[in-house]
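Novice: Got a structure for you, written out below as structure tokens; questions coming shortly.
The values are calculated or read from the model by the stated rules, or taken from the named source; none is laboratory data. Predicted model, so just to flag it, every value in this text is computed and none were measured. Ideal geometry is used to build each Cβ from the backbone, glycine not excepted, and the neighbour counts take in all protein chains shown. Please note that ligands, DNA and RNA were not included when accessible areas were found on the heavy atoms of the full protein model with its side chains. Shrake-Rupley method; radii C 1.70, N 1.55, O 1.52, S 1.80 Å.
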Amino acid sequence: MTRILLAFAAALVAVTAQAQQWPSKPVRVIVNVAPGGVADVTARVLGARLSETLGQPFVVENRPGGDGYIGFEAVARAEPDGHTVVYSPGSSMMIAPHIVKRADLDPLKVLTPVVATGGVSLYVLLHPSVPANNYDEFLAYARANPGKLNYGTPGNGTSPHIATEVFNREAKTKLNHVPYKGAGPALNDLLGGQIQLAFDPGVGLNAARSGKLRMVAIAGPARNPEFPDVPTLEEKGIKGVDGGPHFGFFAPAGTPREAIEKLNREVIRAMKEPVVLERFKALAVNLAEPMTPEQFTAYVLAQYARYAKLLPELNIGQ
């Protein structure tokens with residue numbers, strides 16, 4: 001018995017030491033959307049900084065598709081030692097589970113919230129072929145031509161999808177949904193004219209700056225200083241349209257507590273650094289308030305409950 005207890009104690013010490021030494025090898029960061037979107041870009045910005053501060057490479061790997069579940073599955077099957085994590089838009093974690101019913105893979109059960117990074121406002125961007133120079137003209141055209149305009153999103157059940165359907169309801173329009181595997185591919189087709197508009201999470205801002213696309217409204221808490229004449233939807237009397245829940249890091253269930261807390265602290269620290277802040281600002285990402293893993297978990301559960309009520313109202317995923 002004494003020998004067994006000693007062996008158990010030695011194993012416990014080894015596990016604790018490994019957690020305290022985290023990361024002891026490269027960290028694999030799965031991004032469960034396509035390259036080019038806000039999640040992908042912010043993951044790479046943070047990964048580069050974490051590689052410097054923690055002394056191990058943070059290797060970003062895109063696993064898009066399946067409403068985020070392809071990435072979730074890769075992480076859920078990984079060793080829960082803190083060296084494989086997923087960086088996900090909030091929509092994949094807090095909205096998609098209401099739409100994608102997989103008893104074998106419930107993200108809220110197989111993954112642990114680690115740290116929130118930020119959320120996005122959405123920018124209503126039009127292709128130049130749409131005969132509207134401002135929001136009022138866009139609204140009038142959309143109402144006069146129900147079903148004629150196609151909008152792209154990063155995928156079914158994503159925040160831009162839900163936001164646009166809330167807009168359809170509140171503004172009394174009929175815009176047709178075209179889902180993609182990320183905001184980047186949706187933007188490419190918008191630039192090419194295959195779709196006519198998007199509630200874009202920020203990846204299309206450069207195209208708006210250059211005049212390739214026309215911004216007519218913002219779904220967010222405030223106007224963008226770069227586009228001072230573009231109103232928010234709230235100003236125009238459209239309620240309840242927003243960019244959705246926060247992006248964040250999630251680890252496999254059972255990951256050592258020490259690793260989770262260390263990643264939480266280091267990400268929050270990184271997001272205060274000028275080089276990271278400037279990149280987030282360029283993408284118009286609204287920084288999340290610093291949260292402990294417990295606070296982020298409570299946030300995830302609250303947002304999950306919010307969308308459980310909203311999705312049936314919009315007939316999404318029914």
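Novice: Take the stretch 177-213 and flag every residue that is assigned to a helix (DSSP H, G or I) and charged (D, E, K, R).
Specialist: If the condition is that a residue be assigned to a helix (DSSP H, G or I) and charged (D, E, K, R), then Asp189, Arg209 are the ones that fit.
Novice: Report every pair of residues separated by at least 6 positions or lying on different chains whose Cβ atoms are under 7 Å apart, first residue within the stretch 183-201 and within 21 Å of Gly147 (Cβ to Cβ) and in contact (Cβ under 8 Å) with a residue 60 or more places away in the chain, second part of a helix (DSSP H, G or I) and among the β-branched types (Val, Ile, Thr).
Specialist: Short answer, once both residue conditions are applied: Phe199/Thr164.
Novice: Considering the stretch 78-109 alone, what residues qualify as being open to solvent by 40 Å² or more (accessible area, probe 1.4 Å) and touching a residue at least 24 places away in the same chain (Cβ under 8 Å)?
Specialist: Glu79, Pro80, Arg102, Leu108, Lys109
Novice: Hey, another quick one. Is it true that some residue in the stretch 288-296 is more than 30 Å from Arg223 (Cα to Cα), acidic (Asp, Glu), touching a residue at least 24 places away in the same chain (Cβ under 8 Å) and open to solvent by 10 Å² or more (accessible area, probe 1.4 Å)?
Specialist: no
Novice: Please find, within the stretch 189-203, the residue that is surrounded by the most Cβ atoms within 10 Å (Cβ to Cβ) out of those that are out of contact with any strand residue (DSSP E or B) (no Cβ under 9 Å at 6 or more places or on another chain) and at pLDDT 95 or above.
Specialist: Out of the qualifying residues, it is Leu191.
Novice: Would you mind telling me which numbered condition in (1) surrounded by fewer than 24 Cβ atoms within 10 Å (Cβ to Cβ); (2) touching a strand residue (DSSP E or B) at 6+ places or on another chain (Cβ under 7 Å) Ala217 fails?
Specialist: (1)
Novice: Continuing with the same structure: Any idea which of Ala103, Ala116, Ala142, Ala78 is under 18 Å from the mean Cα position of the chain (by Cα) and of a type outside the set (Phe, Trp, Tyr)?
Specialist: Ala116
Novice: Same structure again: Would you pick out the residues in the stretch 160-188 that are within 16 Å of Pro201 (Cα to Cα), among the hydroxyl-bearing types (Ser, Thr, Tyr) and open to solvent by less than 40 Å² (accessible area, probe 1.4 Å)?
Specialist: Residue satisfying the conditions is Thr164 alone.
Novice: Let me ask another. If you check Lys262 against the conditions, is it closer than 30 Å to Ala298 by Cα and charged (D, E, K, R)?
Specialist: Yes, satisfied.
Novice: Tell me which strands (runs of 3 or more DSSP E) are completely within the stretch 89-166 and hold 3 or more residues being closer than 14 Å to Phe199 by Cβ and in contact with a His (Cβ under 9 Å, 6 or more places away or on another chain), or say none if there are none.
Specialist: Once the strands (runs of 3 or more DSSP E) in the stretch 89-166 are filtered for at least 3 residues that are closer than 14 Å to Phe199 by Cβ and in contact with a His (Cβ under 9 Å, 6 or more places away or on another chain), what remains is 150-153.
Novice: A further question on this structure: Any residue at all in the stretch 46-54 that's on the phi > 0 side of the Ramachandran plot, modelled with pLDDT of 95 or more and either in contact with a helix residue (DSSP H, G or I) (Cβ under 6 Å, 6 or more places away or on another chain) or not in a helix (DSSP H, G or I) (or both)?
Specialist: For the stretch 46-54, residues on the phi > 0 side of the Ramachandran plot, modelled with pLDDT of 95 or more and either in contact with a helix residue (DSSP H, G or I) (Cβ under 6 Å, 6 or more places away or on another chain) or not in a helix (DSSP H, G or I) (or both): absent.
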